[in-house]
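Read the structure below first, then the notes.
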Amino acid sequence: MGTSEASKGPNPGVSFDPPWLNDEGGFEPTDLPPPAESNNNGEAISGEDPLLAPPARFRNARTWIGKYARESSGRTGFQKAAGHYSKTGMGGSGKLANRMRYSTATGARLAQFLGSTASQNDSTVNTWVNDIVERGLSGQTLIDAIIQQVAPSSGSRDEESCADSMAEALGEFLENHENENLLELDTGEIREITESFIANEACNRMTNDIGQIFERENVSLKESLSLLTEMREFLREDLSVQIESLWKVTANPTQPQLDQILRSSIERTFRVYEGEL
């Protein structure tokens, strides 16, 4: 899914939350000095920096994602892989959610923008909508126009990933709701698109870090695509439970509140996965 390629994955001794994250950078981490060793209980010993990733951080996650690929172990296999990915690979669900804050901020902008086009309560957005209507844009051309407004890309991998995830989420929505107008969506429909976007981003994140194991397991391209689709559906189902619960608590959430809803949903979802270990 998407066009982001799997890298070799982050190395040990790099920050869980790298310094370029607030910049317009890509996925790749910035090298930092290696962390000190820990004892057999995983406790820090002199000088260890808990903000730095430990050696072999993705070993267990890659083991379980490989098992998931070989054995087609379904939701249980995926949850084990995702739990190890979050707990050890990313330093816990909180750090993982924080690492994905570019994605959650973009998802919040998308939801807010779609809400504004429907409610017509923003004069700037109204001007944009009038132009779109006059030009008669629909389907993929409308999707491209929305992405250009919400998530224009300057070429960084985070931006490209978000643009891909947004295009897939909006395209999938139109496939499932042929008669719906993306400029006139209700809250439930906007939440559906947002859930799909965040699931795509979470899947992209995992694939970038540990997805190269599919190649090592000699999984065919067709099988890889099927597994990625399944992973995304598991993520979407589980994230949906959290997003719907949090969204309902906050009536008419602002964009910052939406961002927090999405970030909290990621943290809660991966905390559940960690609990399966």
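The values are calculated or read from the model by the stated rules, or taken from the named source; none is laboratory data. Model, not experiment: these values are computed from the prediction. Heads up, the Cβs are rebuilt from the backbone with ideal geometry, glycines too, and the neighbour counts pull from every protein chain shown. To get the accessible areas, we keep the full protein, side chains included, count just its heavy atoms, and leave off ligands, DNA and RNA. Shrake-Rupley method; radii C 1.70, N 1.55, O 1.52, S 1.80 Å.
Among the residues of region 136-187, write down those that are touching a residue at least 40 places away in the same chain (Cβ under 8 Å) and of a type in the set (S, T, N, Q).
S154, S156, S161, S165, T187, listed by residue number.
Look through N218, N204 and report the one residue that is more than 23 Å from L246 (Cα to Cα), loosely packed, with under 14 Cβ neighbours inside 10 Å and not charged (D, E, K, R).
On the way: N204 fails: loosely packed, with under 14 Cβ neighbours inside 10 Å.
Exactly one residue qualifies, and that residue is N218.
Any idea which of (1) at positive phi; (2) surrounded by 15 or more Cβ atoms within 10 Å (Cβ to Cβ) is the one G136 doesn't satisfy?
All conditions pass for G136, except number (2).
Which of the following residues is in contact (Cβ under 8 Å) with a residue 12 or more places away in the chain, touching a Lys or Arg at 6+ places or on another chain (Cβ under 6 Å) and crowded, with 24+ Cβ neighbours inside 10 Å: G89, G107? Write out each step before concluding.
Numbers: G107 fails: touching a Lys or Arg at 6+ places or on another chain (Cβ under 6 Å).
Step by step, each of G89, G107 is checked, and only G89 is in contact (Cβ under 8 Å) with a residue 12 or more places away in the chain, touching a Lys or Arg at 6+ places or on another chain (Cβ under 6 Å) and crowded, with 24+ Cβ neighbours inside 10 Å.
Do we find a residue being within 16 Å of the chain's Cα centre (by Cα), open to solvent by 30 Å² or more (accessible area, probe 1.4 Å) and over 17 Å from R232 (Cα atoms) anywhere in region 64-81?
No, the conditions are met nowhere in region 64-81.
Could you list, ordered by first residue, the pairs with Cβ atoms under 6 Å in which the first is in region 119-131 and on the phi < 0 side of the Ramachandran plot and the second is in a helix (DSSP H, G or I) and at pLDDT 95 or above, at least 6 apart or interchain?
Pairs found: D122/S116; V125/S116; V125/T117; V129/T117.
Those residues that are among the polar types (S, T, N, Q), open to solvent by less than 20 Å² (accessible area, probe 1.4 Å) and over 16 Å from M166 (Cβ atoms), I need them from region 93-104; list them, please.
First, pick out the residues of region 93-104 that are among the polar types (S, T, N, Q): 93, 98, 103-104.
With the extra rule that they be open to solvent by less than 20 Å² (accessible area, probe 1.4 Å), the set shrinks to 93, 103-104.
Hit for region 93-104 is S93, nothing else.
Kindly provide the set of residues from region 246-260 that are without any contact (Cβ under 8 Å) to a residue 40 or more places away in the chain and open to solvent by less than 60 Å² (accessible area, probe 1.4 Å), ordered by number.
Result: L246, T250, P253.
Which one of E160, E134 is more than 24 Å from Q257 (Cβ to Cβ) and within 26 Å of the chain's Cα centre (by Cα)? I'd like the intermediate steps shown before the answer.
Numbers: E134 fails: within 26 Å of the chain's Cα centre (by Cα).
Going through E160, E134 in turn, just one is more than 24 Å from Q257 (Cβ to Cβ) and within 26 Å of the chain's Cα centre (by Cα): E160.
Looking at region 152-182 only, could you name the residues that are among the hydrophobic types (A, V, I, L, M, F, W, C) and either touching a Phe, Trp or Tyr at 6+ places or on another chain (Cβ under 6 Å) or open to solvent by less than 10 Å² (accessible area, probe 1.4 Å) (or both)? Quick ask: steps written out before the conclusion?
First, the residues of region 152-182 that are among the hydrophobic types (A, V, I, L, M, F, W, C): 162-163, 166-167, 169-170, 173-174, 182.
If the condition is that a residue be among the hydrophobic types (A, V, I, L, M, F, W, C) and either touching a Phe, Trp or Tyr at 6+ places or on another chain (Cβ under 6 Å) or open to solvent by less than 10 Å² (accessible area, probe 1.4 Å) (or both), then C162, M166, A169, L170, F173, L182 are the ones that fit.
Among the helices (runs of 4 or more DSSP H) lying completely within region 33-149, list those that include at least 1 residues that are closer than 30 Å to N181 by Cβ and modelled with pLDDT of 95 or more.
On the way: elements: 59-71, 74-84, 93-99, 101-119, 123-135.
Once the helices (runs of 4 or more DSSP H) in region 33-149 are filtered for at least 1 residues that are closer than 30 Å to N181 by Cβ and modelled with pLDDT of 95 or more, what remains is 101-119, 123-135.
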